[in-house]
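A short worksheet on the structure shown next.
The values are calculated or read from the model by the stated rules, or taken from the named source; none is laboratory data. Keep in mind it's a predicted model, so treat the numbers as computed, not measured. FYI the Cβ positions are ideal-geometry reconstructions off the backbone, even for glycines, and counts take in every protein chain you see. Calculation scope for accessible area: heavy atoms of the full protein, side chains included, ligands and nucleic acids excluded. Shrake-Rupley method; radii C 1.70, N 1.55, O 1.52, S 1.80 Å.
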Amino acid sequence: SLAQSLNIPSIKVLLNLAGLQESVATAHDMGITTLQDPSQYGPSIVLGGGEVKLLDIVSAYGAFATGGKHAPPLSIKRVVSEGGVTLQENTNTSITVLPKEATDMITSILSDNEARTPIFGANSLLYFPERQVAVKTGTTQDFRDGWVVGYSPNTLVAGVWVGNNDNSPMNKEPGIVVAGPIWRQFMDYALSAITP
C-alpha cells in the first residue's frame, strides 16, 4: 500500500500501530522541524496534513538512506582563506534515530517496482533497473503541491517540489507528473557520476 500511495492503510497504521505523538516525535528526530505540537494534528498528518519544508523532508529521507542515522543539513562545510588556511569548519555528527531493520524495510518497499506497478506502471519515472532507488511521490489537496523524494542507499538523497508561490492549484496533475521528470533527470545525472 505504501508503494502504491494508498491512503487508508497509512492512516490505519498511524492510528492502530504507530501512534500520533510517537510519529511526530520520530519525524522530529529525523529532521522535520515544522511539526511541533502533536495535538495540532490528526490522522491526515500521514497524508501531508502538516506543512513540511522540502529541505526537512529530504533530510528525513536521509535517515532511511543511511540505515537510520540522521545528520542535520549543512550549507557551508568549510571556510578557507586565500592562503589555504581553514578559518572555520562545520561538522555534522550523525545520531541514530531509527533501527537499521526498519530503514531496510522502508527502502525495500519504496524501491519495489513490482509493488508500485499497478499505480505507476512498470516503466515509470520511478524505476531504475540498474540500481536500487527508493522513492515516494506526493500530491496535496487541490493539486497545490507536487513532490518526489527519493534516494539510493548510502549514495544520494534528492527531493523536488513543484507548486505556485501563491498556493494556487496547478493543472490537476499529480506529483509524479509535475515533479517526477525534474527529479528523474537530476537523479540520472547525479547517479551516472557515482559507481553503483
Requested in this report: Answer with yes or no whether Glu82 is over 28 Å from Ser124 (Cα atoms), of a type in the set (Asp, Glu) and assigned to a helix (DSSP H, G or I).
Outcome: no
Report summary line: Among the residues of region 144-196, the number that are polar (S, T, N, Q), without any contact (Cβ under 8 Å) to a residue 24 or more places away in the chain and either part of a strand (DSSP E or B) or closer than 18 Å to Phe128 by Cβ (or both) is 3
Query raised in the report: In region 49-69, is there at least one residue being among the charged types (D, E, K, R), open to solvent by 30 Å² or more (accessible area, probe 1.4 Å), assigned to a loop (DSSP other than H, G, I, E, B) and closer than 22 Å to Ile11 by Cβ?
Result: yes
Report task. Being loosely packed, with under 11 Cβ neighbours inside 10 Å, among the β-branched types (Val, Ile, Thr) and over 22 Å from Gly68 (Cβ atoms) is the filter here, so list the residues in region 138-196 that pass it. Result -> Thr195
Report task. State which residue is nearest to Gly138 (Cα to Cα) when the search covers only region 1-17 and only residues that are within 19 Å of the chain's Cα centre (by Cα), at pLDDT 90 or above and among the hydrophobic types (A, V, I, L, M, F, W, C). Result -> Ile11
Query - Hits in region 123-137 - residues which are open to solvent by 50 Å² or more (accessible area, probe 1.4 Å) and under 18 Å from Ala102 (Cβ atoms) - result: Gln132
